[in-house]
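K.L.:
Below is the structure I would like to discuss, written out as structure tokens.
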Amino acid sequence: RESNEEDEKTALDEMLRENSDEYERVKTKCIYYWMRYKYGNKDVLEDLIKLSKENPAHPEPYWWLGNLYKEYKQFDKAHKQLMRGSEFTRNDSEKTTFVCNAAKALIEDGKLEGANELIIKIIRTISDNSSDELFELYNTLSLIQKRSNNNERYFSLAEKALELKPSDSSTRFDLAYTYSKSKNPIMALHHYKILCNSTPTAANWNNLGVELSELELAEKSVDAYLKSKELGGTTAMGNLAYKLIDVGFFSEAKKYLQEALKHDDYSSNVSSALSSLESKLNEENNKEQTLLSDVSLRI
């Protein structure tokens, strides 16, 4: 981040000296290049290509090249690198991870049939006891169905994936969010409650509040928004403000919005709520003036 290349290379050399295992040394170099790209905004494509040529039977350079090509939206190249790397993985679990990520590159490229064929081919070879591999495979199949706008199949496959790995919060959040967008607040509520118990983030509590509000559980909804607010959730502050505006508590709503504005990355719904508040205030002031002017005319 500081562009201190001299010290950064010294740190890399130190890590490499501490590890005599050549396989692990190549992994370290790959992670180093990826960090240069992610944190230092450096062009590392040629570095990774060179490393892969120097170590043609090592899967890691192909893995990071695949991820880098995905960043550049060159999904066909990403797919080829990941499939190439899958040929050199040390075990079936690693191979599955490579293949699933290759399929995800095809999904991003809109090649859904190819992605589906890739996963179906490998899933037939997996033991029922390999829960981690099956989770990755079912999860990838669910993403194919989601991209195909086949929500019913997506829901079924994502639920199956979560049976295998219930702790995966990312998959559960995506599933809950899609249930919500599909107007199924009860199932969304079910998954957001699990998320709030396992990973109580501001986003999870806020979204739980949204589903509770949708189901007309007002007190529980407000309680969820307040928990999100405690974790710094400005979207929840905006949602609380909207609730207060609707029942005429304008000054209280303004307090929540002013607090949210102190955050550098406050949610866009805070600005929307402020606009709504000003509009409601003007509307009431204008209505009051109209009513009083009618009285003056009668007198």
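The values are calculated or read from the model by the stated rules, or taken from the named source; none is laboratory data. Just so we're clear, the structure is a prediction, and the values are computed from it rather than from any experiment. Positions of Cβ are generated from backbone atoms using ideal geometry, with glycine treated the same way; all protein chains shown enter the neighbour counts. The area values use the complete protein model at the heavy-atom level, side chains included, leaving out ligands, DNA and RNA. Shrake-Rupley method; radii C 1.70, N 1.55, O 1.52, S 1.80 Å.
K.L.:
Got a number for the accessible area of SER169? Probe 1.4 Å, square angstrom, nearest 10.
P.N.:
It works out to around 50 Å².
K.L.:
Also: Can you sort SER276, SER86, SER170 by solvent-accessible area, 1.4 Å probe, largest first?
P.N.:
SER170, SER276, SER86
K.L.:
Based on the inverse mean of 1/r over its pairs of different Cα atoms, what is the Kirkwood hydrodynamic radius of region 175-299, in Å?
P.N.:
So the Kirkwood estimate lands at 15.7 Å.
K.L.:
Let me ask you something else. Treat region 1-151 as a sphere of radius equal to its Kirkwood radius over Cα pairs and apply Stokes-Einstein at 10 °C in a medium of 1.306 mPa s; give the translational diffusion coefficient in µm²/s, rounded to a whole number.
P.N.:
For these conditions, the coefficient is 96 µm²/s.
K.L.:
Also: Relative contact order for region 53-168 using alpha-carbon pairs under 8 Å, separation at least 6, rounded to a whole percent?
P.N.:
RCO, region 53-168: 18 percent.
K.L.:
How much net charge surrounds VAL99 when only other residues with a Cβ under 12 Å from its Cβ are counted (Lys, Arg +1; Asp, Glu -1)?
P.N.:
Working: positive: ARG84, LYS95, LYS104, LYS121; negative: GLU87, ASP92, GLU94, GLU117, GLU133, GLU136.
That sum, taken over residues with Cβ under 12 Å, equals -2.
K.L.:
Hey, another quick one. Find the relative contact order for the chain and round it to a whole percent, using C-alpha pairs within less than 8 Å whose residues are 6+ positions apart.
P.N.:
Worked out over the chain, it gives 7 percent.
K.L.:
Would you mind computing, in nm to one decimal, how far apart the modelled labels at ASP7 and HIS190 are, each placed 7 Å from Cα along Cα→Cβ?
P.N.:
5.2
K.L.:
Further, regarding this structure: Can you give the accessible area of ILE186 in Å² (nearest 10), computed on protein heavy atoms with a 1.4 Å probe?
P.N.:
110
K.L.:
Further, regarding this structure: Output wanted: per-residue J couplings in Hz (rounded whole) for region 239-256, from phi through Karplus 6.51 cos²θ - 1.76 cosθ + 1.60, θ = phi - 60°, x for Gly and Pro.
P.N.:
In residue order, the calculated couplings are 5, 4, 4, 4, 4, 5, 4, 4, 9, x, 8, 5, 5, 5, 4, 4, 4, 4 Hz.
K.L.:
Compute the angle between helix 112-123 and the longest alpha-carbon principal axis of the chain, please, reported from 0 to 90 degrees and rounded to the nearest 10.
P.N.:
Between helix and principal axis, roughly 60 degrees.
K.L.:
Further question on the same structure: Please list, short to long, the whole-number percent of alpha-carbon pairs of the chain in consecutive 10 angstrom bins beginning at zero.
P.N.:
In order of increasing distance, the bins hold 6, 19, 21, 22, 17, 8, 3, 2, 1, 0 percent.
K.L.:
A further question follows. On a 1.4 Å probe surface of the protein chains, which of ARG172, ARG153 comes out largest in accessible area, and what is the full order?
P.N.:
ARG153, ARG172
K.L.:
Connecting C-alpha atoms closer than 10 Å in a GNM of the chain, tell me which of ALA78, ALA218, ALA176 has the biggest fluctuation.
P.N.:
Among ALA78, ALA218, ALA176, the largest GNM mean-square fluctuation belongs to ALA218.
K.L.:
Less than 11 Å Cβ to Cβ from ASP174, Lys/Arg counted +1 and Asp/Glu -1: what total charge do the surrounding residues give? If you can, show how the numbers build up before the last one.
P.N.:
Working: positive: LYS146, ARG172, LYS181; negative: ASP168.
Every neighbour counted, the sum reads +2.
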